[in-house]
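Structure record follows, encoded as structure tokens.
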Amino acid sequence: MFQVLILVCSTAFSPAHCQRDTARQVIVGPVAQNEAMCAFYGQAYISSTAIGQPHRGEYVKVQCSRSSIGKSVGWLSRPWATPQMPVTPAG
């Protein structure tokens, strides 16, 4: 699952540097099943709201953030790990 994030960023930042912590405004959009639908929902959300018309010196960016990774990810690669025995990095 992917969470649609709409970032309103300053043109002082390149698109690569426009992130949640540098955006002027972060709008949480709908949840999507995959990255393609996330991009589609983001574009549809922007076009149906006033946010599609940013102020001077701003632009809008759609970001897709993974909202869940599932129950078994990580446990399959460590069959010896159990919920009672936390996995800690070797140090």
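Laboratory data are not the source of any read-out in this text; all were calculated from the coordinates shown. Remember, it's a predicted structure, so these values are computed and weren't measured experimentally.
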| request: Sort the stretch 2-66 into rounded, prolate or oblate with this rule: let a ≥ b ≥ c be the square roots of the eigenvalues of the Cα gyration tensor; rounded if a/c is under 1.5, and if a/c is not under 1.5, prolate when a/b is larger than b/c, oblate otherwise. | output: oblate
| Under 5 Å, built H, 5+ apart or other chain: amide partners of G29 | V4, L5, I6
| How far, in nm, would the chain grow between V26 and Q43 when pulled straight, counting 0.36 nm per residue and subtracting the alpha carbon separation? | 4.6 nm
